[in-house]
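One structure is given here, and the rest of the page talks about it.
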Amino acid sequence: AMDQVAACGFSIEDFMGSTDPSLGNIKRAGFEPEQYSQWAGPGDADYKAAGYTAWDFDTASDIKAAGFSIDESLGPTPSSEFIVDVLKAFDGQEILESAVYPHGVLGELTELIEEGYVTVQDCVDVTQDSSSEHYGTTLSSMGLNVEQVQGANIEGLTLKGAGFSWDEVPLADVAASGFSVDDIGSEAMDQVAACGFSIEDFMGSTDPSLGN
């Protein structure tokens with residue numbers, strides 16, 4: 001009758017002082033997460049060890065505070081309302097690192113950025129984190145567009161470095177976006193000046209020609 005312990009009026013102190021105390025049986029004994037938290041003390045509650053799951057909590061913020069991840073929070077068919085709750089509770093890097101993110105359950109990256117759940121800086125950080133599955137990937141391959149990267153105005157980040165090709169960038173911004181005349185190539189020689197390059201830039205390229 002382990003599940004009747006709390007219903008019988010016993011406290012967690014009574015239970016843990018019995019002949020068969022087990023932290024993993026606290027939930028099974030019928031105690032609510034709040035009761036366990038009060039007994040364990042602020043910051044010391046290990047809800048997983050006590051047998052609780054994410055679904056024992058009412059909100060995504062409570063779930064996160066209890067030490068559960070996004071992947072542990074979502075059931076097989078989460079409602080759109082709960083997904084929004086999750087996106088508000090967890091930070092951008094946690095969203096990007098979740099196992100469900102690549103499957104589109106949380107939304108497309110461009111939408112997540114537009115809604116403010118993920119920032120371009122979050123994307124930069126995960127691509128530079130060697131422990132991340134996004135390590136070494138470009139912002140372009142992650143799904144960001146030129147406007148989002150430009151709008152973020154992150155120091156040291158160029159559109160070329162973000163994985164875009166010169167012809168994906170507004171023509172007048174090419175020279176200021178990390179590209180060189182050599183990136184343009186001879187097939188678009190007539191676009192060099194329009195791209196914002198100077199004669200000095202052109203004559204310093206690998207194929208300078210006064211006749212060009």
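The values are calculated or read from the model by the stated rules, or taken from the named source; none is laboratory data. Remember, it's a predicted structure, so these values are computed and weren't measured experimentally. Don't worry about glycine lacking a Cβ; one is built from the backbone with ideal geometry, like all the others, and counts go over all protein chains shown. SASA here: full protein model, heavy atoms, side chains in, ligands and nucleic acids out. Shrake-Rupley method; radii C 1.70, N 1.55, O 1.52, S 1.80 Å.
Scan the stretch 20-34 and tell me whether some residue there is assigned to a helix (DSSP H, G or I), modelled with pLDDT of 80 or more and out of contact with any strand residue (DSSP E or B) (no Cβ under 6 Å at 6 or more places or on another chain). Yes; the residues of the stretch 20-34 include at least one that is assigned to a helix (DSSP H, G or I), modelled with pLDDT of 80 or more and out of contact with any strand residue (DSSP E or B) (no Cβ under 6 Å at 6 or more places or on another chain).
Please find, within the stretch 138-164, the residue that is farthest from E108 (Cα to Cα) out of those that are polar (S, T, N, Q) and touching a residue at least 12 places away in the same chain (Cβ under 8 Å). Applying the filter and picking the extreme gives T158. Going by the conditions given, is S80 over 11 Å from the mean Cα position of the chain (by Cα) and open to solvent by 50 Å² or more (accessible area, probe 1.4 Å)? Against the criterion (over 11 Å from the mean Cα position of the chain (by Cα) and open to solvent by 50 Å² or more (accessible area, probe 1.4 Å)), S80 qualifies. Restricted to the stretch 60-107, the set of helices (runs of 4 or more DSSP H) holding at least 1 residues that are at pLDDT below 95 and not acidic (D, E) comprises 60-65, 70-73, 80-89. For the condition farther than 25 Å from N153 by Cβ, open to solvent by less than 30 Å² (accessible area, probe 1.4 Å) and hydrophobic (A, V, I, L, M, F, W, C), I70 qualifies. Does L87 meet the test of being over 18 Å from I26 (Cβ atoms) and either touching a Phe, Trp or Tyr at 6+ places or on another chain (Cβ under 8 Å) or open to solvent by 30 Å² or more (accessible area, probe 1.4 Å) (or both)? For L87, the condition - over 18 Å from I26 (Cβ atoms) and either touching a Phe, Trp or Tyr at 6+ places or on another chain (Cβ under 8 Å) or open to solvent by 30 Å² or more (accessible area, probe 1.4 Å) (or both) - is met. Residues in the stretch 21-47 that are within 30 Å of L96 (Cβ to Cβ) and either aromatic (F, W, Y) or under 23 Å from the mean Cα position of the chain (by Cα) (or both): Y47 alone.
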